[in-house]
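Novice: Dumping the structure here so I can ask a few things about it.
The values are calculated or read from the model by the stated rules, or taken from the named source; none is laboratory data. Note that the structure is predicted; figures quoted are calculated from it, not measured. We place every Cβ from the backbone using ideal geometry, glycine too, and count neighbours over all the protein chains shown.
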Amino acid sequence: MRRREGLDARFLTFSCYNRLPLLGNARIRDQFVEAIVAARRDQPFQLIAWVVMPEHVHMMILPSPGHPVSRVMSALKRPFAEVVVGRWRELKAGVLHRITGEGGRARFWQPGGGFDRNVRDEAELFREIAYIHENPVERGLAEKATDWAWSSARWYAGQCEGTVGVDRPWGMTQDRFLEGERRKAERSGALK
Ligand code: NI
């Protein structure tokens, strides 16, 4: 196990209200990607990997000292939810009945912070990045990770155009990541 000085990444998972597939629509996923771009502009944190699934989101981030992850998360989730729910209200969308709980408040996100774990080991970090990218494949939504437009898989594969930029803390390069992936595949006999 290799610990890296200063590596204190956070693996975040958060879900749509009642785990409904509220992100099931490509346009809404695109809109959430715009929210990621805006959060990156306005909030001090580094983005390492992400995937938007129909009913949940995974993100690996490196928080900035003194700036709580909860603030990054509310800056990311709240304005997006307000816009989407506002539009559903205008359209009198049927889904509103399914996301309105007691008290009449419509919610896009499942209340609470979701799942949040520290990642301090480099090997674990690389494993989790691969796990994040493989989510759509595991679910049968894509044949390979880079077929799914709503994750950082394309960026890691060197297809940077039209995708959210990802940070490379600790000098981690795409090449180095891909090299690790290649070696892993060789070990498992997947690459001939
Ligand atoms: Ni998942």
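Novice: Among the residues of segment 175-184, are any at pLDDT below 80, surrounded by fewer than 17 Cβ atoms within 10 Å (Cβ to Cβ), in a loop (DSSP other than H, G, I, E, B) and not aliphatic (A, V, I, L, M)?
Specialist: No, that holds for no residue.
Novice: Spot the failing condition for LEU7; the list is (1) more than 15 Å from TRP148 (Cα to Cα); (2) of a type in the set (A, V, I, L, M, F, W, C); (3) within 16 Å of the ligand (Cβ to nearest atom), and only one is missed.
Specialist: With respect to (1) more than 15 Å from TRP148 (Cα to Cα); (2) of a type in the set (A, V, I, L, M, F, W, C); (3) within 16 Å of the ligand (Cβ to nearest atom), LEU7 is out only on (3).
Novice: For the condition away from the ligand (no atom under 16 Å from the Cβ), within 13 Å of the chain's Cα centre (by Cα) and surrounded by fewer than 18 Cβ atoms within 10 Å (Cβ to Cβ), what is the one hit in GLU90, GLU34?
Specialist: Of the residues listed, the single one that is away from the ligand (no atom under 16 Å from the Cβ), within 13 Å of the chain's Cα centre (by Cα) and surrounded by fewer than 18 Cβ atoms within 10 Å (Cβ to Cβ) is GLU34.
Novice: Here's a follow-up. Could you please tell me which pairs satisfy a Cβ distance under 6 Å, a separation of 6+ or placement on different chains, a first residue in segment 44-73 that is in contact (Cβ under 8 Å) with a residue 24 or more places away in the chain and away from the ligand (no atom under 11 Å from the Cβ), and a second residue that is among the β-branched types (Val, Ile, Thr) and not in a strand (DSSP E or B)?
Specialist: PHE45/VAL72; LEU47/VAL166; ALA49/ILE129; ALA49/ILE132; PRO63/VAL69
Novice: I would also like to ask the following. Is it the case that PHE80 is touching a residue at least 60 places away in the same chain (Cβ under 8 Å) and in contact with a helix residue (DSSP H, G or I) (Cβ under 7 Å, 6 or more places away or on another chain)?
Specialist: no
Novice: Quick one: which residue in GLU102, GLU34 is out of contact with any Pro (no Cβ under 8 Å at 6 or more places or on another chain) and more than 29 Å from GLU138 (Cα to Cα)?
Specialist: Selected residue: GLU102, the only one of GLU102, GLU34 that is out of contact with any Pro (no Cβ under 8 Å at 6 or more places or on another chain) and more than 29 Å from GLU138 (Cα to Cα).
Novice: Which residues, counting only those in segment 108-120, are surrounded by 16 or more Cβ atoms within 10 Å (Cβ to Cβ) and away from the ligand (no atom under 13 Å from the Cβ)?
Specialist: Result: PHE108, TRP109, GLN110, VAL119.
Novice: Next question. Given (1) within 27 Å of VAL72 (Cα to Cα); (2) at pLDDT 80 or above, where does GLY140 come up short, assuming only one miss?
Specialist: (1)
Novice: Still on this structure, please answer the following. Across segment 132-145, which residue is farthest from HIS58 (Cα to Cα) among those that are in contact (Cβ under 8 Å) with a residue 12 or more places away in the chain and part of a helix (DSSP H, G or I)?
Specialist: Restricting to residues being in contact (Cβ under 8 Å) with a residue 12 or more places away in the chain and part of a helix (DSSP H, G or I), the top hit is ALA145.
Novice: Quick one: ARG127 ticks every box in (1) assigned to a helix (DSSP H, G or I); (2) within 16 Å of the ligand (Cβ to nearest atom); (3) buried (at least 16 other Cβ atoms within 10 Å of the Cβ) bar one, so which box is it?
Specialist: Failed condition: (3).
Novice: Looking at the structure I just gave you, is TRP88 aromatic (Phe, Trp, Tyr) and outside any helix (DSSP H, G or I)?
Specialist: No, not satisfied.
Novice: If you check ALA39 against the conditions, is it under 15 Å from the mean Cα position of the chain (by Cα), away from the ligand (no atom under 16 Å from the Cβ) and surrounded by 17 or more Cβ atoms within 10 Å (Cβ to Cβ)?
Specialist: yes
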